[in-house]
Amino acid sequence: MTYRPPPVRLSKPIFRVLAASGRKRQAQAFILSMAALCAAASANATPGTVASKQAQAQEVLAQIQQHRAELRKAHSEQQTIVAQKVAQKQRIESQLASRRQLLSSIKGEIARIRAAEEAQQRQLAVAARSRLAGAQVPVSDGVGVSASTPEGSIVAPPNVHGGVVGIAMRYLGVPYVWGGSTPRGFDCSGFVAYVFAQIGVSLPHSSYSMYGMGTPVSISQLQPGDLVFFTGASHMGIYIGGGQFIHSPHTGDVVKISSMPAVATATAQPPRRAAAPTRPESTWQRAAP
């Protein structure tokens, strides 16, 4: 009677391990080798060959166990990485929430400051219009741009452009635009030139050019309609009385009323060039007729 060894079958857990590992080629090679082993055992089975095949089967089982251990290790490492990523995501989301809260707080503070600024500008505009309504138009006494006193000093001409202040205040709130000279947006000199053009006074679109024109006046002589200059004539505005001037300040701001600096000197701003003495850093000039 020919000895036939019992057929070797793969257990389902072992096959699941191989399939779960994703190593399909190894699983296929193992299945083929086991099939060949079973076929050889059935065709030519002797006690010696059976023992040999059993040893091979044990070796294969050992390999499977090793693969199972590697899979467990890989799975554990994967879980660790996933947990780290989850924790990292939570930290990032927490930081984002804090940033959003801070941004919301900043936006709220900006809105509050803007509202306070707008309210203050409305109050300043009402006060300025009230002053203008009660002010008298200066009358020329015949002293011109180049008139001289008996002592030989130059006398500033009377300011006949006070009405420009009311025109300038129509544009409160217009945004600052670099190089702008229309109600869509003004820079400092563009605003002054545009306003004076409406009363027939032509001024260049340059604070430095305007700074070289007109007759210098002192702070005590400042009248509404005088042009005021700051920081070496890099910025300018129109004096509106009450220690205030109207101007288009800088990017992100609008045409607004501001208080004159506490310490400054002034020169007058004219529509035509006139000899001017050396001036300090902050100056005023009066526009001449």
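Summary of values
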item: Residues (touching a Ser or Thr at 6+ places or on another chain (Cβ under 6 Å) and among the aromatic types (Phe, Trp, Tyr)) located in region 179-230; result: 186, 191, 194, 229, 230
item: Per-region count, region 169-206, residues charged (D, E, K, R) and not in a helix (DSSP H, G or I); result: 2
item: Residue check for residue 225: within 36 Å of the chain's Cα centre (by Cα) and at positive phi; result: no
item: Residue match in region 152-163 (condition: modelled with pLDDT of 65 or more and out of contact with any helix residue (DSSP H, G or I) (no Cβ under 6 Å at 6 or more places or on another chain)); result: yes
item: When residues of region 234-280 are limited to those that are assigned to a loop (DSSP other than H, G, I, E, B), at pLDDT 75 or above and polar (S, T, N, Q), the one surrounded by the most Cβ atoms within 10 Å (Cβ to Cβ); result: 248
item: Exclusive hit being within 18 Å of residue 245 (Cα to Cα), surrounded by fewer than 18 Cβ atoms within 10 Å (Cβ to Cβ) and either modelled with pLDDT of 90 or more or among the acidic types (Asp, Glu) (or both), set 219, 167; result: 167
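The values are calculated or read from the model by the stated rules, or taken from the named source; none is laboratory data. On a predicted model such as this, the values are computed, not experimentally measured, just so you know. Here the Cβ is made from the backbone with ideal geometry for all residues, glycine too, and neighbour counts use every protein chain on show.
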